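Here is the structure we will look at.
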Amino acid sequence: MDAELVIVGAGPAGLAAAEIASVHGLNVIVLDEQTKPGGQIFRQPPEGFRVHSWMPDSIYREGKSVLASASTRKNIRWLLGSTVLGTFAAGSNGENSNRIKVVVDTGVLIEEIQTEHLIFATGCHDMAAAFPGWNLPGVMATGGIQAFVKSQQIVPGERFLFVGTHPLQLIVADQVCQAGGHVVGVVFAQQFKRMLSIIRNPFTMLRFSGKFLFLAKTLYRLRNAGVPVSFQESLVRANGDLQVSSIDIASISLDGIVQKNESRRVEADRLGVCYNFLVSSELARQSGAECEWSSQAGGWIVRHNQWMQSSVPGISVAGEVTGVAGADAALEEGRLAALGVLLKKGVLGSTAAARLAEPVRRRLSNINAFAGLLRELSYPGNLLNQLLSDETNICKCEGITAGDIKKALAENSCISSGSAVKLISRTGMGLCQGRYCNYPLTKAIAEYREASENEVGPFTAQFPVKPVLIKKITHKPDEPA
Amino acid sequence: MRNYDVAIIGGGVIGCASAYFLAKAGVSVAIIERGQLNAGASGRNAGSLHFQLEHRLIHNETHLKAQLPHLIPLTLAAIEQWNTLEDELSCDIGLSMSGGVMVAETSEQIRLLERKAKLENRYGLAVELLSAEETLARAPYLGETVQAALYCREEGHCNPRLLTPAFARKAEALGADFFTDTAVMGLDKVGAGWNVSSRIRPGEKASERLEIRAEKVLNASGAWAHEIAAMANIHLPIFPVALMMSVTEPVPVFLKHMVQHVGRKLSLKQVEDGNLLIGGGWSARLQQHAGKWISNAPAKLSLDALKSNLGVASEIVPAVNQLHLLRTWTGITGVTADQLPIVGQVDQTPGFYVAAGGSGFTFGPLYARLLSEEILTGLPSEALQPYSPARFGHVNMYMGN
Amino acid sequence: MNKRIFIGVERPAKVPIEINGDLTETYLNESLATALLAFGITVFNRNRQGDCRGPYCNMGTCFECLVGIQQSRPGEEKTEKAEKDERVEKVQWVRACMTPVTEGLSVVVGDSVDTLNNSSIRGRHGR
């Protein structure tokens, strides 16, 4: 299979890139693991479902319109329900080939797609806070709860509690309430004062009034529904035998210390954890793209130039994978990445590309100002560190605890890189391949060794970036699947 | 300037094990490693303990006959050492010596196994040729195409994640100094000893220097040993080759042997944690620039080679097909012109020792022990004599100091 | 309990699936995770460390919601090749959140340690 442009990820960035590229005549293949385009933010109900009022709020209007228009374009080929496993240089000598082979698990078989231009719009996923009990069934990423409600149309629990630092938890709590669920609380770690300080600046207020209005409406509805929203509190542990049944919450002192000994117990069977987000840069890294660390923007974010091109020729990046900034920024970065591809292919001259990119860059810079504020506001900082006990899993797949990591670092004085700690401890070697533990591990090593996160470095991302059944790889094309 | 008796270049299994044996004898040692410890072939190989002659060594019988008299005594010494290594290192290194089978699928391959068995037994390595039925009785996980197997009781595996760090910890406790993220940039023979000049964090602009004065230098830099040798004005015929390894998801233990193939490239084993490690010498691609290998760049994985490697594995052990592949990675090892390692002092540069070039995991701890004795006593090791750099003396006729 | 939302939602036809041998009806194309939650299941598997696990990310990233899928369904005829070759797998794990429900799916789920164990790997001459 061949395409002029391959886009991995059908979220806002991928959709916007696909739309622009296809409007300019390119044949595009868009790949996504989900069975419908939209990404996590516009995660659609399953095939054959009809939801009468789906994501009605006006802040979703632009994204939904890009989704609708990309979905109807003739020269976009959708390969959905497909997991991209990695990329290879297509030529026999990697040095001299400018073609990229994209290896895809389509569910039954492995497909190879060749292209000269690839955009990774692989998004992000919820940051998992590690605390005692975080692996109990019933504890979920808040984004995961949201996907059950808005896409699967199910209220996944009886009593919901949301704890974290990110305003997303207000939106999801509201969606759960509207769907008939019972939310017993939304707990923020920040002081209410600090939440307000972000909007004190009248310019910020004015520029992003739509977003503030939406949040205000959400808060108002939650208050009317009788949902207690508290500030300056943190979770301490989740309790339960086979599944979560209660959560211990404690206040945070003015100097930021969680008062673990004075906790209150909240009964709930579904805990939504909502701190920041982590970028999904595994595919870009497996392809050799350079990354740099950002604590606030999601860990190992991919470096890029002004046309969103990564350090690897032919590979561009767009959206959250360049640093978490939200759907609006992702749309603009997707457009910019597509314009960069069109420029490189010679479909657009440099003047035309610059002219088309100018308004995109202007909007992007505005959006980034807001995204920066939001990141600063929702960054949990040193809080998550306090929730760890020595027995808490850092690597949930292999059962490697914070204590195991400390021991490995203490006993092996020379080991100081993320990959070396992975090798000696098995952290990050399980099925999720380090997607949740790389972030806290990087921070833990940096702190322990008094080094910068960039010195520690990310886990080397290997092929396949998600586990794949070996029979799909060994299958010979002339045999039936 | 820091002073040491011995400077070891390379923080892999040979370097760290040598540091341990030397430090244990009271010698002051510095280990200089340009990256992290165990980051090269020592930590990336598949951990096989192969005591039978490997696939790569038995392509022609003349070769086989010439090698066996030297190899088997060393093999027996290695088996003896592995048997006591966990006690010596007083920690878990994931060691399992529960037997290995080298399988055959054709009558020609069976004949090769027969000849190999006869020779190996004659020189003292006990191996047992199993018929198809005996093979399946002992190894029920093998596929239907397997016709025979050569069984070696002592074969098995050790965890490459754990072995080198275990030696390093022991060496450090005995006073060895480790300098990681430190790249040797120059070696100068001054008087009877060596000045070793290195850069700490070589990739960064403001990297600091490390200056070491050592009486002796041990080059244990694996695939790149020829680059370090060049700093001592010596040619070392070691050639980097890139290989790939794969690991599956962990599953309950069902495969207790190390599995090899006499005619196809395969090594397969199940580790303590339940994962299967799949290798066998399938190549990856070294990165180059203008015809020169880039020595610090990871090798590139080849999808075709991966398909072939997993294909052989799943034909020999059909259950492999039902497992998920977790990761495939590449590593770079060194081979020599005659497939035998180069271990010993270089005649043209007294005080400059080498240990590199093949089977470094199975035999690394043994080379380290024997070479350490040689360094300590100044007397060439009898057992290592066939591996002496002297056999390549002609390329260094105009080199050295 | 986990309740499906019905107000303002139209769903495709109901299809039968088997959960630990119990026949139940669920909606075509909804995720297996949804079907299991609606059936009242919270613990999806017990992992190698013996810990109970359920959905976490619900987007295919965390691999916490693994459940076993019976490959040859009861009563279904084995193919000739499968008949000859007992190596054909019996249970294969999938991510419940990424698996759309299809008719006749047979799921092994819950806190039993063996849920995810692949019985085929014991070999053709095995127990």
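The values are calculated or read from the model by the stated rules, or taken from the named source; none is laboratory data. Small disclaimer: the values here were computed from a predicted structure and weren't measured. Backbone-built Cβ (ideal geometry, glycine too); neighbour counts: all protein chains shown. To get the accessible areas, we keep the full protein, side chains included, count just its heavy atoms, and leave off ligands, DNA and RNA. Shrake-Rupley method; radii C 1.70, N 1.55, O 1.52, S 1.80 Å.
Do we find that residue B:180 is out of contact with any strand residue (DSSP E or B) (no Cβ under 7 Å at 6 or more places or on another chain), among the polar types (S, T, N, Q), within 14 Å of another protein chain (Cβ to nearest Cβ) and farther than 28 Å from residue B:96 by Cβ in this structure?
yes
Please verify whether residue C:111 is at the interface with another protein chain (Cβ under 7 Å from one of its Cβ atoms), touching a Cys at 6+ places or on another chain (Cβ under 8 Å) and at pLDDT below 95, treating the condition exactly as stated. Criteria met by residue C:111. Here residue B:225 fulfils each of the conditions (1) open to solvent by less than 10 Å² (accessible area, probe 1.4 Å); (2) in a loop (DSSP other than H, G, I, E, B); (3) aliphatic (A, V, I, L, M) apart from (2).
Quick check: is even one residue across segment B:90-100 assigned to a helix (DSSP H, G or I) and buried (at least 16 other Cβ atoms within 10 Å of the Cβ)?
Step one: filter segment B:90-100 for residues assigned to a helix (DSSP H, G or I), giving none.
Within segment B:90-100, not a single residue is assigned to a helix (DSSP H, G or I) and buried (at least 16 other Cβ atoms within 10 Å of the Cβ).
Taking segment B:8-39 as the range and being touching a helix residue (DSSP H, G or I) at 6+ places or on another chain (Cβ under 6 Å) and either part of a helix (DSSP H, G or I) or not assigned by TED's automatic domain parsing to the domain that holds residue B:367 (or both) as the test, the residues that pass are B:13, B:14, B:16, B:17, B:18, B:19, B:20, B:21, B:22, B:23.
So which of B:335, B:312, B:343 ends up being modelled with pLDDT under 95 and not in a loop (DSSP other than H, G, I, E, B)?
On the way: B:312 fails: modelled with pLDDT under 95; B:343 fails: modelled with pLDDT under 95.
Exactly one residue qualifies, and that residue is B:335.
Suppose the filter is over 21 Å from residue B:86 (Cα atoms) and open to solvent by less than 30 Å² (accessible area, probe 1.4 Å); does residue B:156 pass it?
Numbers: over 21 Å from residue B:86 (Cα atoms): no; open to solvent by less than 30 Å² (accessible area, probe 1.4 Å): yes.
In short, no.
Per the conditions (1) within 22 Å of residue B:42 (Cβ to Cβ); (2) open to solvent by less than 40 Å² (accessible area, probe 1.4 Å); (3) without any contact (Cβ under 8 Å) to a residue 24 or more places away in the chain, the sole criterion not satisfied by residue A:399 is (1).
Would you confirm whether any residue within segment A:456-467 is within 30 Å of residue A:105 (Cα to Cα) and basic (Lys, Arg)? Spell out how you get there, then give the answer.
Just the residues of segment A:456-467 that are within 30 Å of residue A:105 (Cα to Cα), to begin with: A:457-467.
Retained after the next criterion (residues that are basic (Lys, Arg)): A:466.
Looking for residues that are within 30 Å of residue A:105 (Cα to Cα) and basic (Lys, Arg), one finds at least one in segment A:456-467, hence yes.
If you go through segment A:414-431 and keep only what is at the interface with another protein chain (Cβ under 7 Å from one of its Cβ atoms) and not in a loop (DSSP other than H, G, I, E, B), you end up with A:420, A:423, A:424. Picking from residues in segment C:29-43 that are facing chain A (nearest Cβ under 7 Å) and under 21 Å from residue A:40 (Cα atoms), the one that is surrounded by the fewest Cβ atoms within 10 Å (Cβ to Cβ) is C:29.
The numbered conditions (1) out of contact with any Gly (no Cβ under 7 Å at 6 or more places or on another chain); (2) outside any helix (DSSP H, G or I) are all true for residue A:369 except (2). Screening A:30, A:102, A:23, A:108 for residues that are within 30 Å of residue B:293 (Cα to Cα), of a type in the set (A, V, I, L, M, F, W, C) and either in contact (Cβ under 8 Å) with a residue 12 or more places away in the chain or within 11 Å of chain C (Cβ to nearest Cβ) (or both) leaves exactly one candidate, A:102.
Scan segment A:140-160 and give yes if some residue there is more than 13 Å from chain C (Cβ to nearest Cβ), open to solvent by less than 10 Å² (accessible area, probe 1.4 Å), hydrophobic (A, V, I, L, M, F, W, C) and touching a residue at least 60 places away in the same chain (Cβ under 8 Å), otherwise no. Give the steps one after another, and end with the answer.
Going residue by residue through segment A:140-160, those that are more than 13 Å from chain C (Cβ to nearest Cβ) are none.
Checked against the condition, which is being more than 13 Å from chain C (Cβ to nearest Cβ), open to solvent by less than 10 Å² (accessible area, probe 1.4 Å), hydrophobic (A, V, I, L, M, F, W, C) and touching a residue at least 60 places away in the same chain (Cβ under 8 Å), segment A:140-160 yields no hits at all.
Scan segment B:234-252 for residues that are within 14 Å of residue B:354 (Cβ to Cβ) and surrounded by fewer than 21 Cβ atoms within 10 Å (Cβ to Cβ) and jot them down.
Of everything in segment B:234-252, those that are within 14 Å of residue B:354 (Cβ to Cβ) and surrounded by fewer than 21 Cβ atoms within 10 Å (Cβ to Cβ) turn out to be B:235, B:237.
Candidates are the residues of segment C:70-96 that are surrounded by 20 or more Cβ atoms within 10 Å (Cβ to Cβ) and closer than 30 Å to residue A:128 by Cβ; the one that is modelled with the lowest pLDDT is C:91. Just so you know, in segment A:276-319 the residues that are surrounded by fewer than 23 Cβ atoms within 10 Å (Cβ to Cβ) and among the hydroxyl-bearing types (Ser, Thr, Tyr) include one that is nearest to the other protein chains (Cβ to nearest Cβ), and it is A:311.
In summary, residue C:8 fulfils each of the numbered conditions (1) closer than 24 Å to residue A:33 by Cα; (2) within 8 Å of chain A (Cβ to nearest Cβ) with the single exception of condition (1). Scan segment B:356-374 and give yes if some residue there is in contact with a helix residue (DSSP H, G or I) (Cβ under 6 Å, 6 or more places away or on another chain), open to solvent by 10 Å² or more (accessible area, probe 1.4 Å) and among the aromatic types (Phe, Trp, Tyr), otherwise no. Among the residues of segment B:356-374, at least one is in contact with a helix residue (DSSP H, G or I) (Cβ under 6 Å, 6 or more places away or on another chain), open to solvent by 10 Å² or more (accessible area, probe 1.4 Å) and among the aromatic types (Phe, Trp, Tyr), which makes the answer yes. In segment A:38-61, the qualifying residues are those that are outside any helix (DSSP H, G or I) and either of a type in the set (Gly, Ala, Ser) or on the phi > 0 side of the Ramachandran plot (or both), and the one that is nearest to the other protein chains (Cβ to nearest Cβ) is A:48.
Just wondering, is there one or more residues in segment A:432-440 that are in contact with a helix residue (DSSP H, G or I) (Cβ under 6 Å, 6 or more places away or on another chain) and either open to solvent by less than 10 Å² (accessible area, probe 1.4 Å) or assigned to a loop (DSSP other than H, G, I, E, B) (or both)? Steps first, please.
Initially, segment A:432-440 is screened for residues in contact with a helix residue (DSSP H, G or I) (Cβ under 6 Å, 6 or more places away or on another chain), giving none.
Checked against the condition, which is being in contact with a helix residue (DSSP H, G or I) (Cβ under 6 Å, 6 or more places away or on another chain) and either open to solvent by less than 10 Å² (accessible area, probe 1.4 Å) or assigned to a loop (DSSP other than H, G, I, E, B) (or both), segment A:432-440 yields no hits at all.
Collect the residues in segment B:47-73 that are in contact with a His (Cβ under 8 Å, 6 or more places away or on another chain) and either farther than 27 Å from residue B:271 by Cβ or modelled with pLDDT of 75 or more (or both), keeping them in residue-number order. Across segment B:47-73, the qualifying residues are B:47, B:48, B:49. Across segment A:441-465, the number of residues qualifying as surrounded by 23 or more Cβ atoms within 10 Å (Cβ to Cβ) and assigned to a helix (DSSP H, G or I) comes to 4.
Every residue, every condition in (1) at negative phi; (2) open to solvent by 60 Å² or more (accessible area, probe 1.4 Å), yes or no:
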{"residue": "A:348", "(1), (2)": "yes, no"}
{"residue": "A:353", "(1), (2)": "yes, no"}
{"residue": "A:358", "(1), (2)": "yes, yes"}
{"residue": "A:362", "(1), (2)": "yes, yes"}
{"residue": "A:365", "(1), (2)": "yes, yes"}
{"residue": "A:378", "(1), (2)": "yes, no"}
{"residue": "A:381", "(1), (2)": "no, no"}
{"residue": "A:393", "(1), (2)": "yes, no"}
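Taking the condition within 11 Å of chain A (Cβ to nearest Cβ) and among the small types (Gly, Ala, Ser), does residue B:356 pass? It is false that residue B:356 is within 11 Å of chain A (Cβ to nearest Cβ) and among the small types (Gly, Ala, Ser). Taking the condition out of contact with any helix residue (DSSP H, G or I) (no Cβ under 6 Å at 6 or more places or on another chain) and at the interface with chain A (Cβ under 8 Å from one of its Cβ atoms), does residue C:46 pass? No; evaluated as a whole, the condition is false for this residue. What about residue A:436, is it within 14 Å of chain C (Cβ to nearest Cβ) and farther than 27 Å from residue B:320 by Cα? Considered against the rule, which asks whether it is within 14 Å of chain C (Cβ to nearest Cβ) and farther than 27 Å from residue B:320 by Cα, residue A:436 comes out as yes.
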